[in-house]
Amino acid sequence: MSYVTDVAALARKDLLLELRAKETVPAMFLFVLSTLTIFHFALPHGAGRVASLGLLWVALVFTALLGLTRAFVPEREQGMMDALVLAPCDRSAIWLGKVLAVLAFLGLAEVVALPAFAAFFSPIDGRTIGAAALADVGICAVGTLTGAMAVAGRARELILPLLFLPLAIPVVVGGIGASAGAGGRYLALLALYDGVFGVLAWAGFEYVVSET
């Protein structure tokens, strides 16, 4: 119960900071809407549904990257990362609390993104919503770990995309495949990605923050 309490307190802290500052979620809203608007005019007339779905997943991944870039900003600006690591709680609880907070931000952004995609391109079905939900878990799990790796570097805004984007390729493949109609196996791919990389990120976070 202590572990669950620590995770809840850390996630609540990030959510309250965002509720007061209102910086990350509005930026994600604006970014994903702007990106989908640009894609709407850039996509050639008559392009297929698969092409438009590819653009949707690109927009979602880069929107998530925007949220992940700001995940550790409060600790970095206040110089509290060391204090957070030295707090009397399991260090993996820091990772899980961050994952839950970023997951909430990304979910809110997708509440706007998916209807916007339906308005600009084509209707959204249940497979796409399910794929987005599974993808969000993997994106936030891996992205929080890579964000912790990047936070101590000088060029952190450059390091995070270089670490995160290659690891997000299976998410894009699985998301497009599930949305395009081959739902079962690609949803299974996303679930497997979540399980494998979630466990690896949870177990590896302590060593990452110890080095940073």
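Quick notes on this one:
- Computed from backbone phi, the HN-Hα couplings of the range 167-177 come to 6, 8, 4, x, 5, 5, 4, x, x, 5, x Hz, rounded to whole numbers (Karplus: 6.51 cos²θ - 1.76 cosθ + 1.60, θ = phi - 60°; Gly and Pro given as x).
- Label assignment, mean projected area of the Cα convex hull in nm² derived from the structure, set (1) 11.8; (2) 13.4; (3) 15.5: (1)
- Each residue of the range 192-207 is assigned a 3J(HN,Hα), and the resulting list reads 5, 4, 4, x, 5, 6, x, 5, 4, 5, 4, 6, x, 4, 4, 6 Hz, derived from the Karplus form 6.51 cos²θ - 1.76 cosθ + 1.60 (θ = phi - 60°), x at Gly and Pro.
- For the range 169-195 and the range 117-151, distance of Cα centres in Å: 11
- The calculated FRET efficiency for the pair residue 16 and residue 165, based on their C-beta separation and a Förster distance of 25 Å, comes to about 0.25.
- Residue 30/residue 125 FRET efficiency (R0 25 Å; Cβ-Cβ; nearest 0.05): 0.40
- Selection from 207, 26, 162 lying farthest towards where the dipole of the chain points positive, charges on Cβ: 26
- Paramagnetic label zone (point 7 Å from Cα along Cα-to-C-beta, residue 191; backbone N under 19 Å) in the range 107-131: 126-131
- At full extension, residue 173 and residue 50 could sit 43.1 nm farther apart than now, given 0.36 nm per residue minus the alpha carbon distance.
- Lys, Arg +1 and Asp, Glu -1 on Cβ, resulting dipole of the chain about Cα centre, debye, nearest 20: 340
- Solvent-accessible area assigned to carbon and sulfur over the chain amounts to 71 percent, based on a 1.4 Å probe.
- The packing ranking of peptides 108-117, 63-72, highest mean first, is 63-72, 108-117, where packing means the average number of other beta carbon atoms within 10 angstrom of each residue.
- Surface per residue (accessible, 1.4 Å probe) for the chain, Å²: 49
The values are calculated or read from the model by the stated rules, or taken from the named source; none is laboratory data. A quick note: this is a predicted structure, and the numbers were derived from the prediction, not measured. Note that we place each Cβ from the backbone using ideal geometry, even for glycine, and neighbour counts take in every protein chain shown. Accessible surface is based on the protein model in full, side chains and every heavy atom, while ligands, DNA and RNA are left aside. Shrake-Rupley method; radii C 1.70, N 1.55, O 1.52, S 1.80 Å.
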